[in-house]
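S.K.: The structure under discussion is supplied below as structure tokens; questions concerning it will follow.
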Amino acid sequence: MARHVDVLICGSGSAGICAATWLARYGLRCKILESRPGPLEIGKADGVQCRTVEVFESFGIAEEMLREAYHVLEVGFWGADANGNLVRTGRTADTAPGLSHQPHVILNQARVNGLLLDAMKGFNGQTVDYGYDVKGVQVDSRLAADPAAYPVTVVALKDGVEETFMAKYALACDGAHSAVRRSLGFKMIGDSSDAVWGVMDIFPRTNFPDIRKKATLQSRSGNLLIIPREGGSMVRFYIELPQGAVAKDVQLPELHSVASRIFYPYQLEIAETFWWSAYAIGQRQADFFSKDNRVFLTGDACHTHSPKAGQGMNTSLQDGYNIGWKLAHVLQGRSSPDLLKTYVLERQKVAADLIDFDREFMKVFSSEAAAKEDGSTEAFKEYFIKAGRYTAGLTARYGNSQITNAKGSTQTLATNLVVGMRFPSAQVVRFCDANAMQLVKALPADGRWRVVIFAGDISEPTIAARLEELGAYLYSQAGPVKSHTPSVTDIDSFIEPIVVLSGQRLRIEQEHIPGCFWPVTGKWKMRDLHKVYFDDESYNSGHGRAYEFYGIAPSNGAVAIVRPDQYISMVTGMENYKAIGDFFAGLSLPK
């Protein structure tokens with residue numbers, strides 16, 4: 001007897017559990033099948049880019065990550081001198097100032113996954129079903145157009161017994177050897193020759209001065225990347241192995257020997273090896289990312305590449321972050337299933353960009369480049385600095401769709417709120433309690449859309465009237481808030497306007513702010529005073545200069561529509577009510 005589920009997730013890697021965390025945040029249950037007997041214990045991945053930390057912050061789980069992780073602040077570049085000795089050739093900040101309010105950190109993937117597992121369990125008791133080996137997935141294309149149908153059939157083995165599940169939607173989160181991808185007949189397209197790398201987590205005794213910093217070593221004996229691990233003692237080495245090496249034949253003593261030669265003239269004694277592996281990875285991408293808008297490939301199931309730039313776990317996790325809220329919107333009847341087509345539109349391009357970047361990064365870092373001239377490390381340093389925005393995870397720019405309206409936007413009103421990109425954060429002061437905080441804290445991942453209104457200085461009567469008129473439209477019977485919010489729920493449960501004012505906070509009283517921006521909500525039907533912020537001096541943290549950072553003139557103001565996943569859908573003027581209304585009409589089903 002087949003069991004019916006709304007969403008079946010094949011695999012509990014980063015993409016799968018991030019999507020499941022979104023569903024749990026909406027109060028929706030899914031079925032997660034994982035072949036391992038229990039949670040991941042030792043993760044191959046370790047780099048957590050700035051954008052991923054922002055994602056964890058949006059779920060309210062960044063603090064623990066930041067407390068436990070190694071924070072990457074500086075990168076050292078090392079190359080060979082004329083005598084073949086290893087010498088430092090430069091240093092740089094790992095993340096350039098202003099890219100993100102969150103740092104780049106290092107934390108074992110098992111722990112990263114564990115934070116998401118704890119979050120989804122805390123949100124609605126969602127858990128993973130371990131010991132299920134997914135054998136195949138099929139879609140009945142005749143039923144795919146019926147939103148109420150369960151057209152996806154998933155067959156899995158548990159303790160030798162075959163079980164069948166019928167699902168509305170399924171996610172392939174089952175890695176590079178994806179059974180889902182194979183059963184759908186999709187192919188991985190890309191390189192035929194793979195570079196072989198060794199990786200080991202070790203406790204080193206060494207006089208090398210940068211052992212507790214991220215460092216690139218390009219020596220005549222080979223190339224090595226140092227990643228300090230959390231905890232203060234363990235270090236990860238990524239070692240490029242000679243051309244012709246076969247991953248399955250690599251032995252640990254070989255990795256120790258190659259590392260020692262690369263470090264010359266510094267001494268390196270390995271007290272203990274905690275974990276090691278050798279692998280061959282090329283740059284490949286699936287020819288299709290979805291089947292009938294019902295099955296979606298994520299993570300390594302649809303894109304593979306080298307781990308050197310620290311993008312694999314992060315890109316996979318953000319695949320899940322992209323599709324999770326969209327599935328929830330569709331299942332709750334807020335949007336039509338066409339919304340899910342934007343997953344392929346957006347993430348397929350991200351995967352293609354990643355593979356192009358990884359191919360270039362590998363070429364610049366390779367032995368061949370290092371062997372040519374002494375200036376190769378300088379060229380790599382320049383490339384590394386130039387690529388910093390990419391490796392921080394901040395370059396994804398989603399194309400035009402029903403949820404990204406660059407063509408209908410007035411980008412000049414807010415030059416640094418780029419439509420299609422993630423909403424960057426600046427410090428503001430919350431009006432109700434004078435708390436200096438990052439504005440993105442007002443945009444948590446709770447499923448709501450935000451209309452962020454940069455109204456200017458409302459001590460000026462014309463600007464105050466402009467904000468009053470915009471609020472009256474948003475909350476009118478024909479406006480987007482009431483048009484798309486069920487009357488039985490809080491008025492801000494689907495679309496939440498956020499107001500960011502400029503000028504002197506101490507000259508404004510609460511009653512100067514239109515009442516619609518501090519609505520009555522919640523169990524006790526109290527006024528919510530947490531939706532109004534000021535770009536002004538704080539008592540202890542200085543001035544965030546948010547308007548300047550976002551490229552907004554206070555006299556003009558601007559409105560930014562922000563998706564549940566913190567990407568910017570549209571930028572328009574405060575008087576352009578029709579554009580705001582039309583946007584939500586194109587996205588949402590009527591209440």
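S.K.: If you rank Tyr150, Tyr383, Tyr398 by how much accessible surface each has, with a 1.4 Å probe, what is the order from largest down?
M.R.: The ranking, largest first, comes out as Tyr150, Tyr383, Tyr398.
S.K.: Next question, about the same structure. Considering the Cα trace of the chain, what is its radius of gyration and what is Dmax, both in angstroms?
M.R.: 25.5, 78
S.K.: Okay, moving on. Take the Cα of Glu68, step 7 Å along the line toward its Cβ, and report every residue of the stretch 194-234 whose backbone nitrogen sits under 12 Å from that point.
M.R.: Residues 230-231 qualify, since their backbone N sits under 12 Å from the label point.
S.K.: In degrees from 0 to 90, rounded to the nearest 10, what is the angle of the helix 577-587 Cα long axis to the longest principal axis of the chain?
M.R.: So the inclination is approximately 60 degrees.
S.K.: If you don't mind, another one. DSSP beta bridges in the chain, what fraction antiparallel, as a percent rounded to 5?
M.R.: That works out to approximately 70 percent antiparallel.
S.K.: Charges on Cβ only, +1 for Lys and Arg, -1 for Asp and Glu, centred on the Cα centroid of the stretch 377-492; of Gly408, Gly456, Ile385, which one is farthest towards the dipole's positive end?
M.R.: Result: Ile385.
S.K.: Ignoring ligands, DNA and RNA, what percent of the 1.4 Å accessible area of the chain is carbon and sulfur?
M.R.: About 51 percent, which is the carbon plus sulfur part of the accessible surface.
S.K.: Same structure again: For the residue pair Glu382 and Gln332, what label-to-label distance in nm results when each label sits 7 Å from Cα along the Cα-to-beta-carbon direction?
M.R.: Output for this residue pair reads 5.0 nm.
S.K.: Give the long-range amide H neighbours of Glu460: residues separated by 5 or more places, or on another chain, with amide H under 5 Å away, using H modelled in the peptide plane at 1.01 Å from N.
M.R.: Residues meeting the amide H criterion: none.
S.K.: On a 0 to 90 degree scale, rounded to 10, what angle separates helix 109-124 from the longest Cα axis of the chain?
M.R.: Its long axis makes an angle of about 30 degrees.
S.K.: Additional query: Of His303, His256, His177, which has the most accessible area with a 1.4 Å probe, and how do the rest follow in descending order?
M.R.: His177, His256, His303
S.K.: Starting at the first residue of the stretch 493-507, write each ³J(HN,Hα) from the Karplus equation 6.51 cos²θ - 1.76 cosθ + 1.60 with θ = phi - 60°, in whole Hz, x for Gly and Pro.
M.R.: 6, 10, 10, 10, x, 10, 10, 10, 9, 10, x, 8, 4, 6, 8
S.K.: May I pose another question? First check a/c for the stretch 411-586, with a ≥ b ≥ c the square roots of the eigenvalues of its C-alpha gyration tensor; if it is under 1.5, answer rounded, and if not, answer prolate when a/b is larger than b/c or oblate otherwise.
M.R.: Rounded, since a/c falls under 1.5.
S.K.: Right, something else. Each residue of the stretch 209-222 in turn: what ³J(HN,Hα) in whole Hz from Karplus with 6.51, -1.76, 1.60 and θ = phi - 60°, glycine and Pro shown as x?
M.R.: Going residue by residue, I get x, 9, 5, 9, 10, 5, 8, 10, 10, 10, 10, 6, 9, x Hz, with x marking Gly and Pro.
S.K.: Given the rule -39500 (n - 2.57) for each run of at least 4 DSSP H residues, summed and divided by the residues of the chain, what is its mean residue ellipticity at 222 nm, to the nearest 500 deg cm²/dmol?
M.R.: About -8500 deg cm²/dmol.
S.K.: Right, next: Counting only heavy atoms of protein chains, what accessible area per residue, in Å², does the stretch 236-289 have with a probe of 1.4 Å?
M.R.: 52
S.K.: Compare the peptides 5-16, 509-520, 400-411 by average per-residue count of other Cβ atoms within 10 angstrom and give them in order, highest first.
M.R.: Result, highest mean Cβ count within 10 Å first: 5-16, 400-411, 509-520.
S.K.: Just want the answer: with Cβ charges of +1 for Lys and Arg and -1 for Asp and Glu, which residue in Trp524, Ile580, Ser569 is farthest toward the dipole's positive end in the stretch 456-591?
M.R.: Of the listed residues, the answer is Trp524.
S.K.: Please list, in order along the stretch 402-409, the HN-Hα scalar couplings obtained from phi with the Karplus expression 6.51 cos²θ - 1.76 cosθ + 1.60 (θ = phi - 60°), rounded to whole Hz, x for Gly and Pro.
M.R.: Result, rounded to whole Hz: 5, 10, 9, 10, 5, 5, x, 8.
S.K.: Using protein chains only and a probe of 1.4 angstrom, how many square angstrom of Thr377 are accessible, to the nearest 10?
M.R.: 10
S.K.: Next up: Got a number for the accessible area of Arg563? Probe 1.4 Å, square angstrom, nearest 10.
M.R.: Answer for Arg563: close to 10 Å² accessible.
S.K.: Rg and Dmax in Å for the stretch 62-169, alpha carbons only: what are they?
M.R.: 24.1, 71
S.K.: Moving to a separate point now. Work out how much length Met1 to Arg88 would gain on full extension: take 0.36 nm times their residue separation and subtract the Cα-Cα distance, in nm to one decimal.
M.R.: 24.8 nm
S.K.: Using a simple spin-label model with points 7 Å from Cα along the Cα→Cβ vector, what separation in nm is obtained for Asn540 and Ser233?
M.R.: Computed distance between label sites Asn540 and Ser233 equals 3.6 nm.
S.K.: Using a Förster distance of 51 angstrom, determine the FRET efficiency expected from the C-beta separation of Ser487 and Ile42, and round it to 0.05.
M.R.: For R0 = 51 Å, the calculated efficiency reads 0.50.
S.K.: For Thr92, enumerate residues with amide H under 5 Å from its amide H, sequence gap 5+ or separate chain, H modeled in the peptide plane.
M.R.: Residues meeting the amide H criterion: Val75.
S.K.: A further question follows. Considering only protein heavy atoms, with the full assembly of protein chains and a 1.4 angstrom probe, order Arg527, Arg507 by accessible area, largest first.
M.R.: Largest accessible area first, the residues go Arg507, Arg527.
S.K.: Next up: With a sphere of radius 12 Å drawn around the Cβ of Ser277, what net charge do the other residues whose Cβ falls strictly inside it have (Lys, Arg +1; Asp, Glu -1)?
M.R.: +2
S.K.: Once amide H atoms are built 1.01 Å from N in the peptide plane, which residues 5 or more positions from Ile9, or in another chain, come under 5 Å H to H?
M.R.: Answer set, sorted by chain and number: Lys31, Ile32, Leu33, Leu171.
S.K.: Continuing with this model, one more query. What FRET efficiency, computed as 1/(1 + (r/R0)^6) with R0 = 45 Å and r the Cβ-Cβ distance, is obtained for Glu509 and Phe288, rounded to the nearest 0.05?
M.R.: Efficiency for this residue pair is about 0.20.
S.K.: Cα axis of helix 312-331 to longest principal axis of the chain: angle in degrees, 0 to 90, nearest 10?
M.R.: The answer is roughly 30 degrees.
S.K.: If you don't mind, there's one more thing I want to ask. Per residue, how large is the accessible surface of the stretch 411-586? Use a 1.4 angstrom probe and give square angstrom.
M.R.: Value returned for the stretch 411-586: 39 Å² of accessible area per residue.
S.K.: Which whole-number percentage describes the relative contact order of the chain, with Cα contacts under 8 Å and a sequence gap of 6 or more?
M.R.: Once normalised by length, the contact order is 15 percent.
S.K.: At R0 = 35 Å, how high is the FRET efficiency between His177 and Arg205 if r is their beta carbon distance? Nearest 0.05 is fine.
M.R.: 0.40
S.K.: Just grab the label-to-label distance for Asp582 and Asp140, each label 7 Å out from Cα along the Cβ direction, in nm (one decimal).
M.R.: 4.1
S.K.: Can I ask one more? Only Lys, Arg, Asp and Glu count, each charged at its Cβ (+1, +1, -1, -1), so figure out the dipole size of the stretch 1-147 about its Cα centre, rounded to 20 debye.
M.R.: Around 260 debye, computed over the stretch 1-147.
The values are calculated or read from the model by the stated rules, or taken from the named source; none is laboratory data. Note that the coordinates shown come from a computational prediction; the quantities given were computed from them, not determined experimentally. Positions of Cβ are backbone-derived with ideal geometry, glycine not excepted, and every protein chain shown enters the neighbour counts. Surface accessibility is based on the protein's heavy atoms, side chains included, excluding ligands, DNA and RNA. Shrake-Rupley method; radii C 1.70, N 1.55, O 1.52, S 1.80 Å.
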